[in-house]
1. Filter the range 262-278 down to residues that are out of contact with any strand residue (DSSP E or B) (no Cβ under 8 Å at 6 or more places or on another chain) and polar (S, T, N, Q) and give me whichever is nearest to TYR202 (Cα to Cα).
2. Do we find that LYS169 is buried (at least 16 other Cβ atoms within 10 Å of the Cβ), in a loop (DSSP other than H, G, I, E, B) and among the charged types (D, E, K, R) in this structure?
3. Considering only the range 326-348, I want to know if a residue exists there that is of a type in the set (Ser, Thr, Tyr), in a helix (DSSP H, G or I) and either surrounded by 15 or more Cβ atoms within 10 Å (Cβ to Cβ) or over 16 Å from the mean Cα position of the chain (by Cα) (or both).
4. Mind checking whether some residue in the range 272-282 is of a type outside the set (Asp, Glu), open to solvent by less than 20 Å² (accessible area, probe 1.4 Å), under 28 Å from LEU335 (Cβ atoms) and not in a loop (DSSP other than H, G, I, E, B)?
5. For the range 220-261, enumerate the residues that are under 15 Å from CYS204 (Cα atoms), open to solvent by 40 Å² or more (accessible area, probe 1.4 Å) and among the basic types (Lys, Arg).
6. Given the conditions (1) within 30 Å of ASP125 (Cβ to Cβ); (2) in contact (Cβ under 8 Å) with a residue 40 or more places away in the chain; (3) among the aliphatic types (A, V, I, L, M), which single one is not true for ILE324?
7. Please work out if THR184 is open to solvent by less than 20 Å² (accessible area, probe 1.4 Å) and either in a strand (DSSP E or B) or touching a residue at least 40 places away in the same chain (Cβ under 8 Å) (or both).
8. With the range 353-400 as the region, which helices (runs of 4 or more DSSP H) entirely inside it contain at least 2 residues that are surrounded by 19 or more Cβ atoms within 10 Å (Cβ to Cβ) and in contact with a Leu (Cβ under 9 Å, 6 or more places away or on another chain)?
Amino acid sequence: NQAEITQYVGEAYFFRAWNHFQLMQKFGDVIIVDHTIDVNDPLMSAPRDNRGKVCDFIIEDLNKAVEHMLPTADLAEGRIGIEGAKAFISRVALFEGTWQKFRGNEARGKELLDIAAKAAFDVIDSHKFELFAPAALGESAYKYMFILEDLQCNPAGLQKDANKEYIIKRCFDATLKTSGRNITTEVLANAQLVSAKFAQMYLCTDGLPIEKSPLFKGYETMRGEWMNRDLRMQYTLMRPGDTFWDASEKNSRIDWSDSEAEIARAKYKNFTPNWGSGYFPQKWATERNLGADARNASYDWPVLRYAEVLLNYAEAVYERDGKISDTDLNISLNLTRKRVNKTMPALSNAFVDANGLDMRTEIRRERTIELFQEGFRIDDLRRWKTAETEMPMEFCGIMHIGEWKNRWAKPGVPLNADNRLIIESGRVWAERNYLHPLPIDQLQLNPNLGQNPDW
């Protein structure tokens, strides 16, 4: 069937583009491979192609993918369709467009940002996807989207088919293919610490940063800084005083009723940490009983979801034009901002002006919060060329005052001038860190590759 063959050709173009993008993000210049090669091919000893040429090749491949593919809705679960390819164009072109812009190549940056904005808009205008925000889950929708399974895994009993947000996803199944990793144990009050800087980024319910909002309650009590904040904060991170279940047989949910019996089984009742940074994630932490080894999670991984497309659009338009209209904000960023924060004021030009805000800062804030723990942050800092400022900062935890001082009587780590725990310091970021070094074994095989600067 020629139609089936055509779809596979489209997917081949997509994955060739995908792999070239992974290489370009890490190494900058890479060799373009556009045909099947063997050990005698001249490419085996060729120099690398310029990243500009590589980026054009990636976008060309993705446009060919679009020409060959079917709409995502017409394909089996987990297959990549037209909207997936266009959404990925928006990611590629935004990355390289901002990379070029913030390194002085304004014209090239604007060209790519226009491509990113148009590709993202095409996905938005298709009306094929929507943010996951079922009324049955209310403000907890953002929490449960990431742990949806085709088994009981949330209070409303919703399954994966209720999620129309994932455009490209890595599919897992409770019987055929579990994730095989104890993700819940890793993230829930364990190995993954959250910095105070990230916790401070969440807005107050009036849409203002904590340093500007009269609603911010400060740090004297353990729950004070959590009050009157963006609701994603309490459903992404572990709020002190809350109850949390894990995936083990003895500490998992029973029926999501919050009954006395269920609360008695919880892993953490009245959560009050006195270890790590004091801030911990709960994103990706399931509450379902996964069995004896707690490794049988089967929720899908969002390789590319609609929320990213919305934020790609907002950023691409702003960086392309140096401004963004309220209309464009309302079809993109404000949808993620107000998904669970129904009463929070929309981000608008008038709101920015009236409150002395910076539009770029607010766009980047929204991206950081919405896409937390999904693998974007370091690449965002690299493309914005702000890693040299952000990465050397001290990694700090809770402020050691008030109730925290009583709870954390001997913190065991130094405190900064604000009485925050200093979890890690002394980090450095050199200019060379914006690109990875080429592996020595590859340079031995092909000396013409050349090494990246200062490595």
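The values are calculated or read from the model by the stated rules, or taken from the named source; none is laboratory data. Nothing here was measured: the structure is a model prediction, and the numbers come from that model. We place every Cβ from the backbone using ideal geometry, glycine too, and count neighbours over all the protein chains shown. Just the protein is used for accessible areas: all its heavy atoms, side chains included, with ligands, DNA and RNA removed. Shrake-Rupley method; radii C 1.70, N 1.55, O 1.52, S 1.80 Å.
1. At the first step, the residues of the range 262-278 found to be out of contact with any strand residue (DSSP E or B) (no Cβ under 8 Å at 6 or more places or on another chain) are 262-265, 269-270, 272-275.
If we keep only those that are polar (S, T, N, Q) as well, we get 270, 272, 274.
On the way: ASN270: 22, THR272: 21, ASN274: 22 Å.
The qualifying residue nearest to TYR202 (Cα to Cα) is THR272.
2. Working: buried (at least 16 other Cβ atoms within 10 Å of the Cβ): yes; in a loop (DSSP other than H, G, I, E, B): no; among the charged types (D, E, K, R): yes.
No.
3. Taking the range 326-348 and keeping what is of a type in the set (Ser, Thr, Tyr), we get 327, 332, 336, 343, 348.
Adding the requirement that they be in a helix (DSSP H, G or I) leaves 327, 336.
Those still in the list that are either surrounded by 15 or more Cβ atoms within 10 Å (Cβ to Cβ) or over 16 Å from the mean Cα position of the chain (by Cα) (or both) too: 327, 336.
Yes, because at least one residue in the range 326-348 is of a type in the set (Ser, Thr, Tyr), in a helix (DSSP H, G or I) and either surrounded by 15 or more Cβ atoms within 10 Å (Cβ to Cβ) or over 16 Å from the mean Cα position of the chain (by Cα) (or both).
4. yes
5. Scanning the range 220-261 gives a single hit, ARG223.
6. The one condition ILE324 does not meet is (2).
7. Details: open to solvent by less than 20 Å² (accessible area, probe 1.4 Å): yes; either in a strand (DSSP E or B) or touching a residue at least 40 places away in the same chain (Cβ under 8 Å) (or both): yes.
So THR184 passes the test.
8. Ranges flagged: 359-370, 377-384.
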